[in-house]
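The values are calculated or read from the model by the stated rules, or taken from the named source; none is laboratory data. Predicted model only: the values in this text are computed from it and were never measured. FYI the Cβ positions are ideal-geometry reconstructions off the backbone, even for glycines, and counts take in every protein chain you see. What goes into the accessible areas is simple: the full protein's heavy atoms, side chains included, and nothing from ligands, DNA or RNA. Shrake-Rupley method; radii C 1.70, N 1.55, O 1.52, S 1.80 Å.
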Amino acid sequence: MTSAAGDIPGTDDLDPTVEARLSSFNAVFTLSLILTQASSPAQVMRLVTTSVPSIVTCQQALIWHLARSGEYYQRAPEAISEVLAQLTGPDLLKLDDFPPSWAFPISSPLAADQIFLVVVGSEGLSDEETFLLSVLAQLSGTVVAKLELIATEQASAQRIAALNTELESTVATLTRIMEVHRRLNEIVANAGEKGIAETLHQLTKLGVFIQDAGGNTRYATGDVPGDYLEREPAEQRRELIRRLQGTRRPVYHGRAWLVLARADILGVLALVDPARTASEVDLAALEYAATVLSVELARLQRVAEAERRSRATLERNIEQARAAELAASEARQRGILEAALDAVISIDGRACVTYVNSAFEHIFGYRADEVTGRELAEAIIPAGLREAHRQGFARYLVTGEAHVLDRRIELTAMRADGSEFPVEIAITRTSVTGGPAFTAYVRDITERQRAEHELMASRARLVAASDAARRRVTRDLHDGAQQRLVTTLINLQLAELKWESGPERARELLGLAIRDAKRGIEDLREIVSGIHPAILTQRGLAAAIDGLAGGLPISVELDIPDFRLPAAVEASVYFFCSEALTNVVKHAHASSAWVRVELTDDRCAVEVRDDGIGGAQPRSETSGLNGLRDRIGAINGTMDIASPATGGTTLRASIPLPADPP
């Protein structure tokens with residue numbers, strides 16, 4: 001890290017007012033990041049109202065609506081509503097019987113629902129505080145609008161799904177009723193009363209019997225207990241017939257559903273249903289069976305004609321339902337294509353564009369009307385590849401020989417401004433009338449190729465770093481601990497030879513051996529500490545970094561929570577801080593450094609900051625800063641560097657935490 005030298009004052013030298021302003025800015029910035037992760041408007045407003053007292057001095061913060069109360073706001077008092085309705089920006093409210101307060105519009109003055117952030121007891125806000133609260137109010141309004149839009153879209157999708165389900169149920173019911181009609185009318189022509197009863201039993205799974213107007217049983221099938229077939233007294237029977245004549249709907253009587261077959265000779269068709277479990281379709285079948293029985297007994301020709309009319313009506317209804325479903329399906333498909341992130345392009349047999357979606361306009365820079373009707377090659381294929389495309393397209397139309405259909409390939413495409421970029425494209429032949437047609441699905445892979453290149457470079461750096469670490473450990477073992485242990489062994493052997501002839505010399509050699517053994521153990525401990533410090537495993541991250549900072553020649557202030565993280569995360573955070581502090585000591589010319597670790601439900605945020613000369617940036621692929629980024633990236637984290645030339649460097653890392661506790 002190099003830059004123009006300069007002394008940067010520490011936080012202890014700052015004016016308290018400046019410190020308070022910086023604290024307010026940091027609070028608003030942090031709250032802004034949290035608001036973007038909120039899951040509901042109510043959660044957004046709770047975060048805002050509970051955080052405002054920590055940003056400015058006030059009694060409390062409220063969310064008010066001009067006319068009503070809602071899920072995340074309250075109705076403003078009538079006198080205050082009149083004042084708020086006139087506001088177009090932040091302003092101080094001074095009303096009788098109400099503390100001096102500031103009001104900040106959350107929604108646009110032109111919006112149907114105007115909502116305000118009201119900071120009660122805040123008469124003396126500075127310009128900076130007013131600006132911060134204005135920004136916070138606007139941001140919360142934007143987040144709430146986004147969440148409400150998402151909720152509206154989800155509700156619309158649910159309503160469409162419900163309508164589709166209802167339509168499918170209606171079509172299924174119509175189909176079953178049509179099948180009931182068809183089977184009854186086909187069987188009655190040959191089987192008469194028996195065929196009607198047997199078919200009705202098969203369709204409903206209930207017992208069926210047919211009686212004449214006097215109560216005599218003409219036919220029964222299925223489970224029909226004997227007491228159902230007993231004749232009723234004449235007066236009761238006549239009353240039942242009059243009741244049936246007064247309605248065309250089935251009547252529940254004597255634990256059975258009854259319907260009257262109207263013909264020259266009246267007949268009663270019954271479904272045995274003691275538990276009243278018959279469905280609407282079952283009752284519809286009973287009604288129609290009675291109609292078929294009536295007409296069949298009287299005039300067979302009229303039944304056949306009625307059947308044809310009924311069938312035509314049902315088929316027309318089904319066709320209309322299918323047409324409506326097809327239209328809805330096409331609308332859904334068009335909506336899906338317009339919402340797709342990949343460009344979708346349709347061409348005809350002349351290789352001219354017939355359709356593009358919104359993603360195409362965004363990726364290629366054309367409006368749909370600018371490219372529709374144009375030759376595809378002329379619009380999006382670089383000049384050097386157009387002729388090959390045209391020849392391949394013509395060859396396929398003649399021979400049917402396909403080289404690019406139905407598979408993903410990577411090519412170079414051209415935007416409207418002539419710039420070229422890499423794409424992944426899949427082309428399929430579309431089944432349409434009027435000649436061949438094709439649909440292409442195009443994805444801009446510029447970022448993916450950049451990420452792949454970065455991944456390969458990162459892997460190479462990790463391998464190089466690993467090799468360097470192994471060589472360092474080997475060298476340290478050879479030059480340090482190994483030499484100490486060899487010297488220890490030699491001294492022990494010499495002491496053994498001198499033990500009797502020169503005991504004083506033997507004791508001296510033994511002392512030297514003990515000294516070298518201790519130094520060898522210390523060398524081994526230093527090597528092991530560089531690989532994975534024991535204090536990190538035994539006492540955790542806070543203690544390990546505290547021990548690390550204690551051995552540095554500069555002042556290091558720590559803000560690290562004292563609880564354990566998953567082992568992989570702890571090791572990565574420790575070595576991130578270790579390497580960052582080592583860089584501070586070596587390159588930054590700093591007098592102080594700060595290390596802060598923050599934990600949320602799903603992430604660990606680490607910040608290492610110094611007051612050095614600034615201007616830090618990776619100088620090469622093997623730069624230590626790239627090594628830090630690779631270490632954090634290996635556990636799916638991210639790292640940012642802020643190092644202005646005016647002084648000071650801040651390294652920030654964000655690491656995801658596993659869902660389960662360590």
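Odds and ends about this structure:
- The stretch 429-451, subset in contact with an Asp or Glu (Cβ under 7 Å, 6 or more places away or on another chain) and over 20 Å from Ile363 (Cα atoms), residue modelled with the highest pLDDT: Ala437
- Residues satisfying the stated conditions in the stretch 192-232, i.e. assigned to a helix (DSSP H, G or I), under 60 Å from the mean Cα position of the chain (by Cα) and of a type in the set (Phe, Trp, Tyr): none
- Restricting Val597, Val573, Val569, Val585 to those that are open to solvent by 30 Å² or more (accessible area, probe 1.4 Å), of a type in the set (Val, Ile, Thr) and at pLDDT 85 or above reduces the list to Val585.
- Criterion: closer than 25 Å to Arg629 by Cα, in contact with a Ser or Thr (Cβ under 7 Å, 6 or more places away or on another chain), modelled with pLDDT under 85 and open to solvent by less than 70 Å² (accessible area, probe 1.4 Å) - qualifying residue of Leu536, Leu548: Leu548
- Unmet requirement for Val353, which otherwise passes all of (1) open to solvent by 20 Å² or more (accessible area, probe 1.4 Å); (2) touching a Lys or Arg at 6+ places or on another chain (Cβ under 7 Å): (1)
- Test for Val135: is it touching a residue at least 40 places away in the same chain (Cβ under 8 Å), crowded, with 21+ Cβ neighbours inside 10 Å and outside any loop (DSSP other than H, G, I, E, B): no
- Of all residues in the stretch 122-132 being of a type in the set (Gly, Ala, Ser) and open to solvent by 30 Å² or more (accessible area, probe 1.4 Å), the one that is modelled with the highest pLDDT: Ser126
- Taking the stretch 634-647 as the range and being out of contact with any helix residue (DSSP H, G or I) (no Cβ under 6 Å at 6 or more places or on another chain), in contact (Cβ under 8 Å) with a residue 12 or more places away in the chain and either open to solvent by less than 10 Å² (accessible area, probe 1.4 Å) or not in a loop (DSSP other than H, G, I, E, B) (or both) as the test, the residues that pass are Thr638, Asp640, Ile641.
- Which listed residue, of Asp610, Asp602, Asp630, Asp660, is modelled with pLDDT of 85 or more and surrounded by fewer than 21 Cβ atoms within 10 Å (Cβ to Cβ): Asp602
- Selection within the stretch 351-370 - in contact with a strand residue (DSSP E or B) (Cβ under 7 Å, 6 or more places away or on another chain) and over 14 Å from Gly418 (Cα atoms): Ala351, Cys352, Val353, Thr354, Tyr355, Val356, Asn357, Ala359, Phe360, Ala368
- So Glu557, is it open to solvent by 30 Å² or more (accessible area, probe 1.4 Å), at pLDDT 90 or above and in contact with a Cys (Cβ under 8 Å, 6 or more places away or on another chain): no
- Residue match in the stretch 578-600 (condition: part of a strand (DSSP E or B), farther than 25 Å from Ala534 by Cα and in contact with a Gly (Cβ under 7 Å, 6 or more places away or on another chain)): yes
- Residues located in the stretch 268-281, provided they are closer than 24 Å to Ser310 by Cα and either at pLDDT 85 or above or surrounded by fewer than 20 Cβ atoms within 10 Å (Cβ to Cβ) (or both): Ala278, Ser279, Glu280, Val281
- Residue among Glu179, Glu186, Glu193 that alone is closer than 19 Å to Glu280 by Cα and either among the β-branched types (Val, Ile, Thr) or modelled with pLDDT under 85 (or both): Glu179
- If the condition is being at pLDDT 80 or above and of a type in the set (A, V, I, L, M), then the stretch 291-325 contributes Ala312, Leu314, Ile318, Ala321, Ala323, Ala324.
- Being within 20 Å of Gln449 (Cα to Cα), part of a helix (DSSP H, G or I) and without any contact (Cβ under 8 Å) to a residue 40 or more places away in the chain is a property that holds for His362.
- Restricting Glu71, Glu123, Glu82, Glu129 to those that are in contact (Cβ under 8 Å) with a residue 24 or more places away in the chain, in a helix (DSSP H, G or I), over 30 Å from Arg322 (Cα atoms) and not small (Gly, Ala, Ser) reduces the list to Glu129.
- Where helices (runs of 4 or more DSSP H) fall wholly inside the stretch 365-429, the ranges with 3 or more residues that are not charged (D, E, K, R) are 376-380, 383-399.
- Where Leu31 falls short, out of the listed (1) at pLDDT 85 or above; (2) surrounded by 15 or more Cβ atoms within 10 Å (Cβ to Cβ): (1)
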